[in-house]
Every structure is written in C-alpha cells, then in structure tokens.
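Structure first, commentary second.
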Amino acid sequence: MTTARAQRHFRTPNGKRRMAQLVYREVYSRAPTPFLLMTPEFEIIDANDAYLAATMRQRDSLAGRDMFQAFPDNPAVPGADGVANLKQSLTTARASASRQVMKVQRYDVIDPEGQWKKRYWRPVNWPVLDKAGTVLALVHHVMDVTSEALVRERVEWTDILFRRADAACEQSRLLREETRQRLERLRRRPYTS
C-alpha cells in the first residue's frame with residue numbers, strides 16, 4: 001500500500017519533487033557514511049545518523065552551533081591541533097570551491113558522560129555550490145580510523161622499546177667486554193695499577 005501511494009505521488013511534477021526531497025532526506029539521514037553539513041561560516045546545519053553515532057552526539061545538541069564550539073580541542077592534550085587543522089581545511093574548501101582531503105587527524109570527542117575519548121579521523125571537506133558557483137554549505141565527512149591509528153601507535157612504541165632494549169643490550173655487551181679486558185689485565189699483572 002505504501003508503494004502504491006508513493007507511485008501516485010510520482011505522477012505529478014510537485015509530487016515528484018516532494019517525493020525526491022523525502023528520498024534525498026532519507027538517503028542523507030540513513031547513509032552509513034558520516035556527514036555533517038554546515039554554513040560557509042561553520043554553523044552546523046545538520047548531521048546524519050552515522051555522524052551522530054560516530055561522535056556520540058545528539059542532533060538537537062549540534063544544530064545551530066558553531067562547529068568548533070560544538071567540537072573543541074581536548075584541553076588535556078598538549079598541542080592538540082584538530083580545531084586549527086579542520087578550520088584551515090574548511091576555509092580552503094570554501095575559498096577554492098574544491099574538495100580538501102586531510103591527513104589522519106587526532107580529534108578527541110566527548111562521550112555522553114562528559115569524558116574525552118581519544119579518536120582519530122580521516123576527514124574530507126567540500127563545498128556545496130549553486131549554479132553560479134557560490135558556496136551554499138560545507139560538507140564535513142569523516143571516517144573513524146581510531147583502531148588503525150592505535151595499532152600504529154602501539155607498533156611505533158614497540159619499535160621504540162625494542163630499539164632502546166637493543167641499545168641497552170649493546171651497552172651491556174660493551175661494559176662486559178671492558179670488564180673482561182680489565183680482569184684479564186689484572187690476572188696478568190695483579191700488582192700494577
């Protein structure tokens with residue numbers, strides 16, 4: 001019955017337009033890929049369900065807010081640069097009217113209990129243009145790559161620890177060799193200094 005009703009609406013131009021708008025809205029909302037829409041001035045318009053799930057936020061808490069007030073840098077992380085890097089990418093996307101692919105970025109998020117959670121993202125930003133080329137909105141798309149980044153961090157730390165262990169072993173070997181040589185000299189001439 002729903003299908004028959006939908007087919008009736010597609011018979012008129014206005015019905016087709018309304019149905020297309022509904023379909024586009026549902027596609028956007030339910031897409032498995034996280035998207036956030038904002039004005040060219042970085043005011044959040046909307047975020048789809050995947051974005052809300054990835055960032056542990058509610059739609060009502062974001063709409064109308066400045067992107068960087070809604071998603072600030074984690075104050076507990078010295079040198080956090082997520083806000084600065086994202087703002088630069090969005091500014092470039094807006095000014096150049098082109099897509100901007102960012103490198104993997106640490107950008108922590110606050111969970112529903114108010115605790116910061118370490119997150120790594122692969123962001124892509126692009127403008128939505130009208131026919132004249134004017135920027136109507138900015139799209140912020142992210143892929144959560146936290147698990148891969150944490151594995152990479154662990155591997156890097158493991159490499160560092162192994163290098164330190166190797167250096168300590170080499171230092172120990174050199175000290176043993178030096179001690180052995182001194183003992184050998186003492187055995188040959190026990191009463192000379």
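Read-outs throughout are calculated quantities, based only on the coordinates presented, and are distinct from any laboratory measurement. Small disclaimer: the values here were computed from a predicted structure and weren't measured. Please note: Cβ atoms are built from the backbone with ideal geometry, for glycine as well, and neighbour counts cover all protein chains shown.
Give me 49, 108 ranked fewest to most by other Cβ atoms within 10 Å of their Cβ, as a rough exposure proxy.
On the way: 49 15, 108 20.
Listing 49, 108 from fewest to most nearby Cβ atoms yields 49, 108.
Based on C-alpha coordinates, I'd like the Rg and Dmax of region 32-144, in Å.
13.5, 45
Find how many whole Å separate the alpha carbon centroid of region 39-56 from the alpha carbon centroid of region 60-82.
If you average the Cα positions of each part, the centres end up 12 Å apart.
Before anything else, pin down the relative contact order of the chain: Cα pairs under 8 Å, at least 6 apart, normalised by residue count, whole percent. Present the calculation step by step, with values, prior to reporting the outcome.
Numbers: 253 pairs, mean separation 29.9, N = 193.
So the answer I get is 16 percent.
If the chain between residue 97 and residue 143 were fully stretched, how many nm would it gain, using 0.36 nm times the residue separation less the Cα-Cα distance? Intermediate values should be presented prior to the final figure.
Values: separation 46, 0.36 × 46 = 16.56 nm, distance 2.18 nm.
So the chain would gain 14.4 nm between residue 97 and residue 143.
Which of 39, 92, 12 ends up with the largest GNM mean-square fluctuation for the chain, with Cα atoms connected below 10 Å?
The residue that fluctuates most here is 12.
Can you sort 61, 147, 29 from fewest to most other Cβ atoms within 10 Å of each residue's own Cβ?
147, 61, 29
Restricting everything to alpha-carbon atoms, can you work out Rg to Rh for region 21-62 with a Kirkwood hydrodynamic radius? Before the final figure, lay out the partial values.
Working: Rg = 10.3 Å, Rh = 10.6 Å.
Rg/Rh: 0.97.
Using a Förster distance of 25 Å, how high is the FRET efficiency between residue 12 and residue 128, based on the Cβ-Cβ distance and rounded to 0.05?
Values: r = 27 Å, r/R0 = 1.10.
Efficiency for this residue pair is about 0.35.
How high is the FRET efficiency from residue 136 to residue 84, r the C-beta distance, R0 35 Å, rounded to 0.05? If you can, show how the numbers build up before the last one.
Working: r = 25 Å, r/R0 = 0.71.
The calculated FRET efficiency here is 0.90.
Go through 50-57, 80-87 and give me the packing order, highest mean Cβ count within 10 Å leading.
Values: 50-57: 18.2, 80-87: 16.4.
Going from most to least packed, we get 50-57, 80-87.
For n ≥ 4 DSSP H runs only, could you compute -39500 (n - 2.57) per run for the chain, divide by its residues and tell me the 222 nm figure to the nearest 500?
Helices in the chain give a 222 nm mean residue ellipticity of -16500 deg cm²/dmol.
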